[in-house]
1. Just name the residue that is surrounded by the most Cβ atoms within 10 Å (Cβ to Cβ) out of those in the stretch 362-384 that are farther than 25 Å from THR344 by Cβ and among the hydrophobic types (A, V, I, L, M, F, W, C).
2. Residue by residue through the stretch 119-134, note down the ones that are in contact (Cβ under 8 Å) with a residue 60 or more places away in the chain and not in a strand (DSSP E or B).
3. Sort out which residues of the stretch 271-303 are acidic (Asp, Glu) and either touching a strand residue (DSSP E or B) at 6+ places or on another chain (Cβ under 8 Å) or more than 16 Å from ligand 2 (Cβ to nearest atom) (or both), and write them in order of number.
4. Name the single residue, out of those in the stretch 467-514 being free of Cβ contacts under 8 Å to residues at least 40 places away in the same chain and among the small types (Gly, Ala, Ser), that is farthest from ligand 2 (Cβ to nearest atom).
5. I'm trying to understand the selection: among the residues of the stretch 95-118, which are within 7 Å of ligand 1 (Cβ to nearest atom) and either in a strand (DSSP E or B) or under 19 Å from ALA188 (Cα atoms) (or both)?
6. Considering LEU381, LEU387, LEU335, which residue is more than 25 Å from the chain's Cα centre (by Cα), within 30 Å of VAL495 (Cα to Cα) and modelled with pLDDT of 95 or more?
7. Would you check if there is a residue in the stretch 194-205 being of a type outside the set (Phe, Trp, Tyr), within 30 Å of VAL173 (Cβ to Cβ) and assigned to a strand (DSSP E or B)?
8. Quickly run through the stretch 37-94 and pick out the residues that are free of Cβ contacts under 8 Å to residues at least 40 places away in the same chain, part of a strand (DSSP E or B) and in contact with a helix residue (DSSP H, G or I) (Cβ under 6 Å, 6 or more places away or on another chain).
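The values are calculated or read from the model by the stated rules, or taken from the named source; none is laboratory data. The structure displayed is predicted, hence computed values, not measured ones. Cβ sites come from the backbone with ideal geometry, for glycine too, and all protein chains shown count toward neighbours.
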Amino acid sequence: MNLDQITQQYLQKFPGDFSGSTMQRQTPKLIFSTVEIMKFEHPELLIFNERLSEDIGLGKLGKQEDTDFLNAADVPSNIKTYATAYAGHQFGNWAGQLGDGRAIFAGEIRNKDGKQTEIQWKGAGATPYSRHADGRAVLRSSLREYLMSEAMFHLGVPTTRALSLSLSGEQVVRDMLYDGNAAYEKGAVMTRTSPSFLRFGHFELLSAQGEKQTLQQLADFVIENYFPEIDVDDIDKYALFFQQVAAKTADMIVEWYRVGFVHGVMNTDNMSILGLTIDYGPFSFLDEYHLNFTPNTTDLPGRRYAFGNQAKIAQWNLWQLANALFPLIKDEAKLETILNNFNTLFWKKHDEMMACKFGFDGVQKGDDEFFTNSQQLMQDLEVDYTLFFKQLETYSQSPDVKIHFEEVFYSRPTEEQLQRLKEFLTLYQTRLEKNKRSEADSIKLMKETNPKFILRNYLLFECINELNEGKKELLNKLLEALEHPYEEIYPEFSVKRPSKFDGETGCSTLSCSS
Ligand code: AMP
Ligand code: MG
């Protein structure tokens, strides 16, 4: 690997603390603090994403030095590792300084096209921002993040990516259910990549501290590096930047709705400034369709981060970013317009996406009502979101609705419910007949839009159990399946969640403990 080509521009460009101290502390006015990784003594590399490594310019795994790097066992002397400071609103409340508590940056690499990618370890030890936690990660949550971020990438959803996963060789104590029963779990460390790991929270922290100059410097840096469409000499550039972040965020949320993804912890510190899905914790794909579903047990009282709330929360988070950027933009009306437009923009994109899911050629008058009705139907009939659309592709060839949709329901439908489904299908058929595209084109569109394979939590749960017993068969199968989500490579994965996993922690609900 080209580890010698990793650079660390933050260290040259921004104010930071070079003491290297891991003492947990506030670091006002600063963007980063240098900190060394743990240097694990007995790690074991489990997965390496060679294709990603080559794409970003890091190259193939070669020397022991490369494995040591991925394992957080050692770093070459040219790499001065650091953690960044950010703040955030958690569950709607200002949480002050947070920061990379268990993420440590190696820096960034450029590929032959000049594309820049940041690399960080997650779980490689404590940093000044660990806030009394250990800076470690367990195999359970690291594997979930590795597989899910890659699954999202192959689905076509904007996301950070996973480069490698290793066992750290350590045991880590976690209270998985927050019920006082702490236990040892296998420790792990992953490396992950992103064009940038900057979050809304980075801007919130500087703004809250009144650090206008550094805030401006950070915004200029982001515009220059990641928003080439914005003219750096434009007097409106910060407002344009905010508008772009809002648009990218809307795109990301629409994609979440397309594949049925629930993030679970949409705090502003978990919102990427580039509109990427970031910080995979107690996430879930929907099995049964429900707008009120939240996978996060911590979120259960208010269901703030439930599936159906995600667009609203994204907008709320953008309000916080607007407040943070206000010193640079100083135009309340402009910011409000962008925020209000978010809603319009989101619903427009959402309906266009839904039209693709149903195989419609664009959005026609009355389609929004059809989409709302379909949501209500899916929810009332407790259908599996992914399987429902799969069966919809072929329903016209099937003589019996009841048999055709049998495997889609989580509880046996009543006669009345079946009747509702039939009426819905009649409406659907009427709408399809208004299509200008052919039936074959319509089905092709549905096949490209609706995944056949989603990485369900019960599959991750089983995979983790097997790995804990040293078995890798399911892991290898999942790694293959997630690369081809619009096909059915392993038909056994294209089924609804088996009932034995109903209510099992880790299968439909999860805690943040990781
Ligand atoms: P999250 O809910 O995972 O986004 O984490 C919120 C904050 O807690 C972030 O600043 C994390 O870096 C920090 N954090 C979470 N788990 C740990 C841990 N095991 N050690 C150190 N910091 C952590
Ligand atoms: Mg986070």
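1. By that ranking, first place goes to VAL383.
2. Within the stretch 119-134, GLY123, GLY125, ALA126, THR127, PRO128, TYR129, SER130, ARG131, HIS132 meet the criteria.
3. Scanning the stretch 271-303 gives ASP287, GLU288.
4. Checked the stretch 467-514; the qualifying residue farthest from ligand 2 (Cβ to nearest atom) is SER499.
5. Selection gives ASP100, GLY101, ARG102, ALA103.
6. Checking each option against the conditions leaves just LEU381.
7. Scanning the stretch 194-205 turns up at least one residue that is of a type outside the set (Phe, Trp, Tyr), within 30 Å of VAL173 (Cβ to Cβ) and assigned to a strand (DSSP E or B).
8. The answer is none; no residue qualifies.
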